[in-house]
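To start, the structure under review is shown below, and the notes come after it.
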Amino acid sequence: MSAPRLSPQSDRGAIMTTLSRVSHISAIVSTRAEIGRRWLFGLSNPQDDRRPTRLPLLLFALLPPLYLAHQVIFSPRFVLGGEMWAEMATNYYANAESSSLRTQLLATDAGYIPLPQRIVGLVGNFLDLPPTSIPYFYTFTALILSAMVVGVIVLPAFRPVIASDVLRFLIAAACLMVIDFEVRTYINFTYLVVVPVAFLAALALVQPRRNVPAWAWLTPLFLVSKPAVLTVLPAVVAAGLLSRGRFRRIMIVSLLAGAGQVVRLALSARSGGSLLQTDADSTLIDKVWAAVIYTLGFLPRFLLGAITPFPIEWLPLIGLGLLALVFACVLGLRSRAGALVLVGVSLVAATMLLNAVSFPNWFVPDGSFLSLGGYDRRVIVAVFGAIVIVGGIVSQIVEARPVRSLIATLLAATRHSWNEAGVPTTIRTVSVAVFVVWFVATGWGTYASRISQPLTAPLGDVLQWQEVAPELTTADPVVCIPVAPFGWPAYGRGCQMLYGSVTAGVGMKPVPQERNGLYVLDLDIPDEVADRSVAAIALIAQAADVTGDVDAKLVLTRSDGDETVISADEDLPPAGGTVFFASRPAVLTADVMSARVEFTAPVRVGWVATADGEQEVKALWMGQ
């Protein structure tokens, strides 16, 4: 017998019943989540902050000029020298000059779409800035936007998360101080986006019925930048699901933007245009376990820093204890800042999971990568998470009821006349002091000072852009401009890097003096340069003269004895820089038998070890 068929009315009735049950369950879950959130973050305690907004607005306005001044003091040659760094020239400027709007906005870098940087490049192209102005435009825009992006957490809107305006300012300043040179550049400044987005997620958690600021709609745009910024998405999703109104809509759009970036990365990885590593021996379980090890292992390094002189093998166990302590603070103190602490923990964990999946050859489960000497782009988002954790815990502790009572008692005992209104101000002052003590005592202050030192040759101080870039506006068919780091593919027109690349372990050796009083360096002509047109040759050199003046001649001798002489006059930084020989027109090397460089004063030049154990001059040959 066939089963009886239900009527359409019965079908609609069953659907309505199911929807009603789902709605009822959703309402129960939502109600219980709301009760749990109010308990966990102390939302039952009314908060009526009517303080003037002048101070946070002033601090927000001060951060960009202070950061600019910091960079001018510590990296003057890069900021003021008009230097191009790596992909600034070869990817971002090159694509900004494209005639295709799609290329200008959506061209990839290492497999991902850096949309904010592309927009800045598009603006520079629209303004028709000359090539010599582009480095300044990119660098200053990145520095100002960096300070503004991370500085928004100082605004009064975030007082419900951390009450102290100065503490939020210090958190923003700390994030700017601990980033290395690469993260400060135009290419990478969007790593800092995770800080304000983390605060937005925390704000949505503690104020679910109030809208986040309208400028939060910029979140999806900035998430389409560095893949590492997607690590803030779990916190955004959690806050969005528990919130209403604007932030939930922002969460949905952010998810779509993040999904688009992931698809782009996957397509790039399939075509070989990505830096993602593959390891056939690394399983999903290996990657998850590695993420756990590095989350726990890096926590002591982030939170305790210099005061943890323990072996690497102990770090995950110490991290487990610290994580338990962090959760105990959130559960025991129950304040609004607890939301920020949880978001910070999610940033650390998500960063390590992303690294374990993307770079399994580095982030192996044995924890060996915990010996990392500094905190570069691979872990900087987790560092931001740790700073956020400390800021949140400090705020929680000093605002806890026992601490408030202790401060009130001390104030009453030390003052003949006092009123209770002074207690919150004292609490905020104490939180600032505690955060500063933590930053200094754990070694972050020392690290920030060390990491702020300028890059020297061969990584930096390749300062030929201002000298050669005007040639880009001429009709010369071949123009070559070296960019930092030394050995990076040259930028130009009709130009290729014929020989030379970025290498580590560059040493400096003095050039011997000959009888004629000149200091002469013989250059080997690489096989890769044979029968090519050489437009430029560059060396790393360090002048013995404190003035840094270097006068040199490159002499190319042909088989018939004729010589082509190319002169260079450089003013090198104290730690060394680039000596650049440019030939107009390019020199055909087919019958060039020898090459030598003649210096008029003592110099040291860069050498590198070859694969067969020999040493050769670190020289770049550029042309066609």
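The values are calculated or read from the model by the stated rules, or taken from the named source; none is laboratory data. Keep in mind that this is a model prediction, so the values were computed, not measured. When we count neighbours, we look across all protein chains shown, and the Cβ atoms used for this are built from the backbone with ideal geometry, even at glycine. To get the accessible areas, we keep the full protein, side chains included, count just its heavy atoms, and leave off ligands, DNA and RNA. Shrake-Rupley method; radii C 1.70, N 1.55, O 1.52, S 1.80 Å.
Details
- Residue match in the range 463-474 (condition: touching a residue at least 40 places away in the same chain (Cβ under 8 Å), out of contact with any helix residue (DSSP H, G or I) (no Cβ under 6 Å at 6 or more places or on another chain) and not in a helix (DSSP H, G or I)): yes
- Complete set of residues in the range 95-126 that are part of a loop (DSSP other than H, G, I, E, B), open to solvent by 40 Å² or more (accessible area, probe 1.4 Å) and not charged (D, E, K, R): SER99, SER100, THR108
- Conditions (1) in a loop (DSSP other than H, G, I, E, B); (2) touching a residue at least 40 places away in the same chain (Cβ under 8 Å); (3) not β-branched (Val, Ile, Thr): number failed by LEU129: (2)
- Which listed residue is surrounded by 16 or more Cβ atoms within 10 Å (Cβ to Cβ) and more than 18 Å from the chain's Cα centre (by Cα), from PHE60, PHE78: PHE60
- Selection status of LEU296, within 18 Å of VAL388 (Cα to Cα) and either in a helix (DSSP H, G or I) or open to solvent by less than 30 Å² (accessible area, probe 1.4 Å) (or both): yes
- Considering the range 146-215, the qualifying helices (runs of 4 or more DSSP H), each wholly inside and each with 1 or more residues that are of a type in the set (D, E, K, R), run over 165-177, 181-184.
- The residue of the range 239-257 that is surrounded by the fewest Cβ atoms within 10 Å (Cβ to Cβ), among those that are small (Gly, Ala, Ser) and modelled with pLDDT of 95 or more, is ALA257.
- Here is the figure for the range 336-371: residues that are part of a helix (DSSP H, G or I), open to solvent by 40 Å² or more (accessible area, probe 1.4 Å) and more than 18 Å from ALA238 (Cβ to Cβ) total 3.
- SER282 at pLDDT below 95, more than 24 Å from ILE171 (Cβ to Cβ), polar (S, T, N, Q) and more than 22 Å from the chain's Cα centre (by Cα): yes
- Residue that is surrounded by 22 or more Cβ atoms within 10 Å (Cβ to Cβ) and out of contact with any Pro (no Cβ under 7 Å at 6 or more places or on another chain), where the choices are GLY500, GLY517, GLY505: GLY500
Residue-wise test of (1) touching a helix residue (DSSP H, G or I) at 6+ places or on another chain (Cβ under 9 Å); (2) modelled with pLDDT under 90.
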| residue | (1), (2) |
| --- | --- |
| ALA490 | yes, no |
| VAL520 | no, no |
| LEU523 | no, no |
| ASP531 | no, yes |
| ASP545 | no, yes |
| VAL555 | no, no |
| GLY561 | no, yes |
| ILE566 | no, no |
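- Filter pass, CYS480 being open to solvent by 20 Å² or more (accessible area, probe 1.4 Å), in the same structural domain as ALA535 (by the TED database) and modelled with pLDDT of 90 or more: no
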